[in-house]
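**Student:** Starting off with a structure, shown below.
The values are calculated or read from the model by the stated rules, or taken from the named source; none is laboratory data. All values derive from a computational prediction rather than experimental measurement. Please note: Cβ atoms are built from the backbone with ideal geometry, for glycine as well, and neighbour counts cover all protein chains shown.
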């Protein structure tokens, strides 16, 4: 079955709309260019002065994730533009093997 990969980031609420646009315009096409990406969910939750972004991607295999993220797929992948938005950079993503889907 598939592998689910989750990444979380925090952005100040003032920059959240701009970051959301960046994610759709820049990150989504990058993810989508990788053979083996099955599904992509970009999510946002505002909490006071901070917007939380959760990226959930579904991949065909670990090899597909490595095509996107590199030889250490458990490490988060960042873009140069992230420096302008993120309040901190989480080092790791979380991955789960999907054992049932409906």
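**Student:** Output the residues belonging to the stretch 43-65 that are more than 16 Å from residue 94 (Cβ to Cβ) and either assigned to a strand (DSSP E or B) or in contact with a helix residue (DSSP H, G or I) (Cβ under 7 Å, 6 or more places away or on another chain) (or both). Walk me through it before giving the result.
**Tutor:** Taking the stretch 43-65 and keeping what is more than 16 Å from residue 94 (Cβ to Cβ), we get 44-51, 60-61, 63-64.
Listed by number, the residues that qualify are 44, 45, 46, 47, 49, 50, 51.
**Student:** If I ask for residues that are closer than 13 Å to residue 53 by Cα, under 12 Å from the mean Cα position of the chain (by Cα) and surrounded by 13 or more Cβ atoms within 10 Å (Cβ to Cβ), which ones from the stretch 21-32 would you list?
**Tutor:** Filtering the stretch 21-32 for residues closer than 13 Å to residue 53 by Cα gives 21-24, 27.
Within this subset, residues satisfying the condition of being under 12 Å from the mean Cα position of the chain (by Cα) are 23-24, 27.
Matches in the stretch 21-32: 23, 27.
**Student:** Out of all the residues in the stretch 78-93, is one or more surrounded by 17 or more Cβ atoms within 10 Å (Cβ to Cβ), closer than 15 Å to residue 4 by Cβ and touching a strand residue (DSSP E or B) at 6+ places or on another chain (Cβ under 7 Å)?
**Tutor:** Checked against the condition, which is being surrounded by 17 or more Cβ atoms within 10 Å (Cβ to Cβ), closer than 15 Å to residue 4 by Cβ and touching a strand residue (DSSP E or B) at 6+ places or on another chain (Cβ under 7 Å), the stretch 78-93 yields at least one hit.
One line per residue, one yes/no per condition, for (1) within 13 Å of residue 4 (Cα to Cα); (2) surrounded by 11 or more Cβ atoms within 10 Å (Cβ to Cβ); (3) modelled with pLDDT under 95:
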{"site": "36", "(1), (2), (3)": "yes, yes, no"}
{"site": "41", "(1), (2), (3)": "yes, yes, no"}
{"site": "45", "(1), (2), (3)": "no, no, no"}
{"site": "52", "(1), (2), (3)": "no, yes, no"}
{"site": "57", "(1), (2), (3)": "yes, yes, no"}
{"site": "64", "(1), (2), (3)": "yes, yes, no"}
{"site": "74", "(1), (2), (3)": "yes, yes, no"}
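**Student:** When only residues in the stretch 75-102 that are in contact with a helix residue (DSSP H, G or I) (Cβ under 9 Å, 6 or more places away or on another chain) and part of a loop (DSSP other than H, G, I, E, B) count, which is nearest to residue 19 (Cα to Cα)? Quick ask: steps written out before the conclusion?
**Tutor:** Applying the first criterion (in contact with a helix residue (DSSP H, G or I) (Cβ under 9 Å, 6 or more places away or on another chain)) to the stretch 75-102 yields 75-77, 79, 81-82, 84-86, 89, 93, 95.
Now narrow it down to the ones that are part of a loop (DSSP other than H, G, I, E, B): 76-77, 79, 85, 89, 93.
Details: 76: 17, 77: 16, 79: 12, 85: 7, 89: 14, 93: 19 Å.
Filtering the stretch 75-102 for residues that are in contact with a helix residue (DSSP H, G or I) (Cβ under 9 Å, 6 or more places away or on another chain) and part of a loop (DSSP other than H, G, I, E, B), the one nearest to residue 19 (Cα to Cα) comes out as 85.
**Student:** Continuing with the same structure: Could you please give the count of residues in the stretch 33-53 that are over 18 Å from residue 97 (Cα atoms) and in contact with a strand residue (DSSP E or B) (Cβ under 7 Å, 6 or more places away or on another chain)?
**Tutor:** Narrowing the stretch 33-53 to residues over 18 Å from residue 97 (Cα atoms): 33-35, 42-53.
Filter again for in contact with a strand residue (DSSP E or B) (Cβ under 7 Å, 6 or more places away or on another chain), leaving 42-45, 49-53.
Count: 9.
**Student:** Out of the stretch 11-20, which residues are buried (at least 18 other Cβ atoms within 10 Å of the Cβ) and in contact (Cβ under 8 Å) with a residue 60 or more places away in the chain?
**Tutor:** The answer is 11, 19.
**Student:** Taking residue 68 as the residue in question, decide whether it is within 27 Å of residue 101 (Cβ to Cβ) and part of a helix (DSSP H, G or I). Don't jump to the end; show me each part of the working.
**Tutor:** Numbers: within 27 Å of residue 101 (Cβ to Cβ): yes; part of a helix (DSSP H, G or I): yes.
Taking the combined requirement at face value, the residue satisfies it.
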